[in-house]
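The next block holds one structure in the form of structure tokens; read it before the comments.
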Amino acid sequence: MANRNKQAHKNTHPEHNEAVARGSKNHWENSENNPRFSTLRRPFWTGSLVFGLVALPVNLYPAVRGKQGPLTMVDKTGTRLQRRQLCSAEHTVLRPDEIVRGYEVEKDQFITIEDTELEALEPEKSTEIALQEFVAFDEIDPIYFDKSYFLAPDRKAVKAYRLLAESMEQENRAGIATFVMRDREYLVAIISDAGLLRAETLRFYDEVRAPEDVGLSGIDAEKTSNSNLTATPEHLQALIDSMSTRELDYKKLENQKAARLKQKAQEKLVKNEDVIREAPSEESIEAEAAAITAQEPSEFVDLMQMIKARIHGEQMETAESAQTSCPKPSPGTKNRDLEHTRNVHKSEQPTEQAGQINSRLKQMTRDELYEKAQALHINGRSKMSKEQLQNALAEQPSLH
Amino acid sequence: MSARAIWKGVLNISDLQVPVKLYSALVDRSVHFRLLHRRDQAPVQQIMVNAKTGDPVPFEETQKAYQVSNEECVILTHSELEELGPEKSRAIEVSEFLPKASLGYRWYDRPYLLSPDGDEPLYLALAHALGKSQKLGLAHWVMRNKEYAGALTLHKGYPMLITLRYAEQVMPLSQLSGPQGEPLPEKERLMARQLINMLGAKFQPERYHDEYRDRVIELISKKRQGEEIEQVQVKQHKPPADLNRALQESLQRARA
């Protein structure tokens, strides 16, 4: 892991300060409080980053995720519920392939639009992030920032990637481009930090409200010199100075409501109040799994592990070799994940056929599978069926 | 055209109270689609179904639960949830001021423009002071029954609140770094930096437009009129075989 402090970089760079403030008090432990960052196995977007005549194939993975409440919805008996789509005319539950996008041209009259038609609209922009210009990062007003993604290079493009990352960081500039990702166009700033490129999507100019639009330009600036002021700018400045701190305590950005909900649930659990217990039979778990959509746990991998594997161009090793070389983590170790990854060596065992691995996994009970999943810190394991655990274990990437 | 305020609050900065109105700073320009059933083009409705049986469950019969483990959950009743909910308040508590560099942009979620709600001179004094200090305030407030943390900063000289993501939403970067390798050739490093410099510019967001949105509207209009939709081939990009050459040619092009 590159030593971030060695970078010849101004300390005005937010990510460095964050790394220091946050890294030392790691709230990112593998606990139920802070669910691990997971992402879909496939990249969010695949294409090329174009810099002059240099094109480098990259994959984008989300670096931030949406808000997810800690509560699940259940019915009267405590059985978990799932979200589904219902046909409003026939009142039947629909599969994803039975659903199409429509645009209402007149009341109740729709034109259907296929994914392939949308994908064909801007074929170049859908596969390229062509950097047009490079701006000083500080010039970008924070109001424009939307979402954040990591760029992982294709194995053959590592040299070009490193070159671009290093040059952009040294020049302290961000590359600006527009591109199309998942049926939407984005203005994007490509930022380099610690050798890693990130895509920060920006809002378009017409998507941001101007101060005039909320009546702000009408304010009379002369009023600041009014002697009846409750407080003068100087007073306020002194106040700001007195309330200044150097570093953000990231604890202040934790989800307080989620913590309260958890506490209340635990209090009720102890008193055995409103607790619903289900016998963990194979059938009930499998049935539950069958109703789960593609977005559920077995499709997710730990983002951290995957990014590391992708960025450092490593092969995904088989479950067998990964399992035998993983020591059990010692309890109570902070940053268990990192220590765990450092202890694993690339296996010297020959790569086995996927079929053989699966048959071995198939012979294990759910409890045994769960134990393995626990040792490998597979996210979402407590909600996985036996089959999902088998799949997840069979596809574990190597840890370096 | 003036937008309407979505909420009114009071910035509490120590003993100081600055009443403000909040406006969403975002304008939705996207083309809105509806999900339809392919067969009859009937619009689709969201429902909750029993995960085991697949049977729909009416909303009145649904409950919220905290999943303690795979087999155990604790039901939290409506009244309990209400009690646990945040208290209604107009207060926007500003607890401290931080250097701008202490918070990366990945934490920023939604922006709200602030206008004065009665005390204009005080509002302006705050704007001036924020501008001079080059700091941002850390604020917490409750709006529409949700708790928010936000950064109090300026946009074009006017106070703005940008809500912040929760710690659990933002990937910590300290554990990640870029790919390693042999030291890069000096010549190529120089060329890359030169190219970046040549393409250096001021950030002018007004120069960029969402063209895709226009194409979507065009597509809809064509389909409405029953026109043919042409398929376009996409060319594949390969990484440069000769990075050095590619950089040189890029520089030549940029100079021209």
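The values are calculated or read from the model by the stated rules, or taken from the named source; none is laboratory data. None of these values were measured; they are calculated from a predicted model. No Cβ is skipped: glycine too gets one built from the backbone with ideal geometry, and neighbour counts run over all protein chains shown.
Values as computed for the structure displayed
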quantity	calculated
Unique residue being at the interface with chain A (Cβ under 7 Å from one of its Cβ atoms), touching a residue at least 60 places away in the same chain (Cβ under 8 Å) and out of contact with any Cys (no Cβ under 9 Å at 6 or more places or on another chain) when the list is B:Ser102, B:Ser133, B:Ser115	B:Ser115
Test: residue in the range A:193-202 that is polar (S, T, N, Q), at pLDDT 90 or above and within 24 Å of B:Met160 (Cβ to Cβ)	yes
Sole residue being touching a Ser or Thr at 6+ places or on another chain (Cβ under 8 Å), at pLDDT below 95, within 23 Å of A:Ser48 (Cα to Cα) and assigned to a helix (DSSP H, G or I), chosen from B:Leu251, B:Leu195, B:Leu247	B:Leu195
Unmet criterion (only one of (1) surrounded by 14 or more Cβ atoms within 10 Å (Cβ to Cβ); (2) in contact (Cβ under 8 Å) with a residue 12 or more places away in the chain; (3) farther than 30 Å from B:His32 by Cα) for B:Glu249	(2)
Residue match in the range A:249-259 (condition: at pLDDT below 90, facing chain B (nearest Cβ under 7 Å), in a helix (DSSP H, G or I) and within 38 Å of the chain's Cα centre (by Cα))	no
Where a residue in the range A:111-127 is within 11 Å of B:Ile229 (Cβ to Cβ) and its partner, wherever it lies, is surrounded by 15 or more Cβ atoms within 10 Å (Cβ to Cβ) and aromatic (Phe, Trp, Tyr), with Cβ under 8 Å and at least six apart	A:Ile113/A:Tyr103; A:Ile113/B:Phe33; A:Leu121/B:Tyr212
Spans of strands (runs of 3 or more DSSP E) in the range A:1-83 with at least 1 residues more than 17 Å from the chain's Cα centre (by Cα), at pLDDT 65 or above and within 30 Å of B:Arg245 (Cβ to Cβ)	A:45-51, A:54-62
Meets criteria (at the interface with another protein chain (Cβ under 7 Å from one of its Cβ atoms), modelled with pLDDT under 95, under 27 Å from the mean Cα position of the chain (by Cα) and surrounded by 15 or more Cβ atoms within 10 Å (Cβ to Cβ)) for B:Ala51	no
Sole exception among (1) out of contact with any helix residue (DSSP H, G or I) (no Cβ under 6 Å at 6 or more places or on another chain); (2) more than 7 Å from chain B (Cβ to nearest Cβ); (3) modelled with pLDDT under 65 for A:Ser298, by number	(1)
Residue, surrounded by the most Cβ atoms within 10 Å (Cβ to Cβ), within the range A:133-153, restricted to residues that are more than 7 Å from chain B (Cβ to nearest Cβ) and outside any helix (DSSP H, G or I)	A:Leu151
The one condition in (1) β-branched (Val, Ile, Thr); (2) under 20 Å from the mean Cα position of the chain (by Cα); (3) at pLDDT below 95 that A:Ile140 fails to fulfil	(2)
Filter result (over 31 Å from the mean Cα position of the chain (by Cα) and assigned to a helix (DSSP H, G or I)) within the range B:163-191	B:Glu186, B:Lys187, B:Glu188, B:Arg189, B:Leu190, B:Met191
Filtered residues of the range B:141-193 (kept if surrounded by fewer than 17 Cβ atoms within 10 Å (Cβ to Cβ), among the hydrophobic types (A, V, I, L, M, F, W, C) and either closer than 22 Å to B:Ala91 by Cβ or within 7 Å of chain A (Cβ to nearest Cβ) (or both))	B:Leu184
B:Val94 vs. criteria more than 30 Å from the chain's Cα centre (by Cα), of a type in the set (A, V, I, L, M) and on the phi < 0 side of the Ramachandran plot	no
Residues (at pLDDT 95 or above and touching a Ser or Thr at 6+ places or on another chain (Cβ under 7 Å)) located in the range B:81-127	B:Glu96, B:Phe97, B:Leu98, B:Asp109, B:Arg110, B:Tyr112
Some residue of the range A:271-291 being modelled with pLDDT of 85 or more, among the small types (Gly, Ala, Ser) and surrounded by 18 or more Cβ atoms within 10 Å (Cβ to Cβ)	no
Test: residue in the range B:85-95 that is of a type in the set (Lys, Arg) and either within 7 Å of another protein chain (Cβ to nearest Cβ) or out of contact with any Leu (no Cβ under 8 Å at 6 or more places or on another chain) (or both)	yes
Residue check, A:Thr112 under 25 Å from B:Leu84 (Cβ atoms) and at the interface with another protein chain (Cβ under 7 Å from one of its Cβ atoms)	no
Per-region count, the range B:4-36, residues modelled with pLDDT of 95 or more, within 7 Å of chain A (Cβ to nearest Cβ) and in contact with a Leu (Cβ under 7 Å, 6 or more places away or on another chain)	3
Of all residues in the range A:109-132 being assigned to a strand (DSSP E or B) and within 27 Å of the chain's Cα centre (by Cα), the one that is farthest from B:Leu36 (Cα to Cα)	A:Ala130
Residues satisfying the stated conditions in the range B:208-222, i.e. within 27 Å of the chain's Cα centre (by Cα), in a helix (DSSP H, G or I) and of a type in the set (D, E, K, R)	B:Glu211, B:Arg213, B:Asp214, B:Arg215
